[in-house]
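Here the structure is laid out as structure tokens; the discussion comes afterwards.
The values are calculated or read from the model by the stated rules, or taken from the named source; none is laboratory data. On a predicted model such as this, the values are computed, not experimentally measured, just so you know. Positions of Cβ are generated from backbone atoms using ideal geometry, with glycine treated the same way; all protein chains shown enter the neighbour counts. For the accessible areas, the whole protein counts, side chains as well, though only heavy atoms, and no ligand, DNA or RNA atoms are used. Shrake-Rupley method; radii C 1.70, N 1.55, O 1.52, S 1.80 Å.
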Amino acid sequence: MAKEKIEIIASVETYKNLSSFESIDTLNKAVRAYIERFKDQLNKTHIAVLKVLHGHSAKHLGVSFLTKRNIGKLIGKSRATVIRACNHLEDLGIIKQLEMKRSSDMKQTSNAIIIQPIQKEEPVQEMAQIEENATQEIQKMQHQENKIFLKQIHNIKHLNMSKTTSKRKAYIKMVPKRLQQYQAFFGNQIKSLYGRIWLAMKNLDVRIEQSIMQEIAHITFDKIVYYIKQGRNLSTEEMHKLAYTIAYNQLSERKDTREIVKDQRAITRALALLDKSNQCYKAPSIDLFKSVLSS
């Protein structure tokens with residue numbers, strides 16, 4: 001199987017977008033809670049790796065980019081042992097690992113490792129009650145459907161047509177027709193995800209053809225779907241950050257857009273310098289004008 005193309009570029013902007021916590025306090029609480037929750041599934045190596053990741057995730061809260069080799073040196077373990085430990089932590093939902101590439105040569109660099117916000121566990125008793133209620137609701141619905149079928153058997157053709165129509169997904173406005181298929185993965189969130197792609201263009205202060213933006217959206221959605229199929233449980237916020245980051249990187253590196261982005265950045269820098277020079281210019285005082293007029 002061919003290796004999936006790496007879409008995310010390692011940069012300060014990327015790490016900032018991937019940051020998963022609002023404060024160092026919530027990060028600390030999450031790490032402590034994970035160690036306590038999974039104490040029967042974590043050995044000393046797993047905990048040591050998690051603590052190293054925790055200690056190197058303060059600049060961009062929750063995000064570290066240490067290589068597996070360097071983590072191994074810090075805890076006295078081999079690179080292979082660290083890789084297995086990180087995969088185990090990811091399987092438990094404690095971290096996520098994202099492949100990255102350098103902006104200089106577009107070659108693979110160390111993964112971004114993101115500590116996940118703690119998720120509340122539902123009490124077992126409460127879950128059992130939910131399941132029981134759901135079963136009762138299903139039985140009630142089946143009973144009602146049987147009654148409807150018996151009462152309206154003479155019009156069964158109409159019933160079948162109604163059921164077929166109800167299975168169709170509603171067309172979501174502001175999302176192009178070619179992207180509607182992704183409703184199967186994102187549901188109504190597809191609209192806000194598509195919005196993040198246009199936000200990347202807006203923040204770069206460029207104007208790109210709609211057809212190109214739709215193509216970038218296609219690439220972005222495919223990448224997020226790939227992560228989902230790999231078993232990664234992405235929250236809405238994480239999907240929004242990924243969509244923005246992938247689109248931002250696509251706009252910066254595609255042949256048909258990178259020159260536009262590059263030119264706009266040059267213009268922005270020039271305007272900033274001009275504004276700075278204007279601020280340094282000191283206008284002549286009113287008294288000076290008065291003295292000139294009176295002379």
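For the range 235-257, state whether one or more residues are touching a residue at least 60 places away in the same chain (Cβ under 8 Å), charged (D, E, K, R), farther than 20 Å from Lys191 by Cα and in a helix (DSSP H, G or I). Yes, the range 235-257 has at least one match. Close Cβ contacts (under 7 Å, 6 or more residues apart or on different chains) running from residues in the range 260-278 that are small (Gly, Ala, Ser) and open to solvent by 80 Å² or more (accessible area, probe 1.4 Å) to residues that are modelled with pLDDT of 75 or more and not in a helix (DSSP H, G or I) are absent. Restricting the range 76-101 to residues that are of a type in the set (Lys, Arg) and open to solvent by 40 Å² or more (accessible area, probe 1.4 Å), the residue that is farthest from Ile228 (Cα to Cα) is Lys77. Being modelled with pLDDT under 85 and farther than 26 Å from Val63 by Cβ, is that true of even one residue in the range 234-255? Scanning the range 234-255 turns up at least one residue that is modelled with pLDDT under 85 and farther than 26 Å from Val63 by Cβ.
Taking the range 241-250 as the range and being in contact with a helix residue (DSSP H, G or I) (Cβ under 6 Å, 6 or more places away or on another chain) and open to solvent by less than 30 Å² (accessible area, probe 1.4 Å) as the test, the residues that pass are Leu242, Ala243, Tyr244, Thr245, Ile246, Ala247, Gln250.
Sub-8 Å Cβ pairs linking a first residue in the range 4-32 that is more than 24 Å from Thr109 (Cβ to Cβ) and free of Cβ contacts under 8 Å to residues at least 40 places away in the same chain to a second residue that is of a type in the set (A, V, I, L, M) and open to solvent by 40 Å² or more (accessible area, probe 1.4 Å), at least 6 apart or interchain, are Ile24/Ala58, ordered by first then second residue. When Lys51, Lys16 are screened for being out of contact with any His (no Cβ under 7 Å at 6 or more places or on another chain) and basic (Lys, Arg), only Lys51 passes.
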